[in-house]
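Written below as structure tokens is the structure these notes are about.
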Amino acid sequence: MKTLFRAESIFQEFEIETEYIKKINGKWNIIGFEMFNEKNNRYYISTYDDLVPVECKKDTRSINFEDMLDSEGNKIFASLSEDGKGGDIFESAYTKSVCVYKYMKMWAYDIEELGNQHQLDWMNVEHKSGKVIGIKQ
């Protein structure tokens with residue numbers, strides 16, 4: 001199973017979008033595999049097409065497993081931060097929520113009130129009927 005990471009790039013001067021470099025909500029995000037440089041405490045993501053590490057904001061980290069898709073086939077990224085920052089905002093007929101990954105499971109937090117949570121079952125109808133509408137800032 002292919003795992004992807006996404007985070008907001010510190011460098012914001014890209015000129016074109018690719019499969020792994022996306023402009024979302026006016027900010028450039030990098031998608032690929034992650035690397036940490038513990039010596040200088042920096043976080044990088046390298047894309048799968050050119051393997052050049054791009055420094056990213058660690059507090060915007062999110063993760064996607066290849067079966068996490070919305071009703072339109074778009075990848076759903078779940079935040080790796082407790083506050084949901086960097087996670088996709090997901091809207092379905094049932095709820096509008098931000099996706100967060102913790103305790104080795106996917107959780108959806110009500111976008112209006114982060115305390116209201118429910119565990120997401122990626123095989124159920126909830127995510128197959130909804131779509132990604134943005135990223136939590």
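What follows draws every value from the coordinates through simple rules; no lab data is involved. Values in this document were obtained by computation on a predicted structure and should not be read as measured data. FYI the Cβ positions are ideal-geometry reconstructions off the backbone, even for glycines, and counts take in every protein chain you see.
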Interchain or sequence-distant (5+) residues whose placed amide H lies within less than 5 Å of the amide H of Phe77 are Asp88
The extension gain from Asp59 to Phe33, computed as 0.36 nm times the residue separation minus the Cα-Cα distance, is 7.8 nm
Could you tell me, in Å, what Rg and Dmax come out for the Cα atoms of the range 3-60?
10.6, 32
In nm, spacing of pseudo-spin labels at Asn74 and Lys131 (7 Å Cα→C-beta vector):
0.7
Taking the mean number of other Cβ atoms within 10 Å as a proxy for protection, how do you rank 32-43, 79-90, 1-12, 58-69 from highest to lowest?
79-90, 58-69, 1-12, 32-43
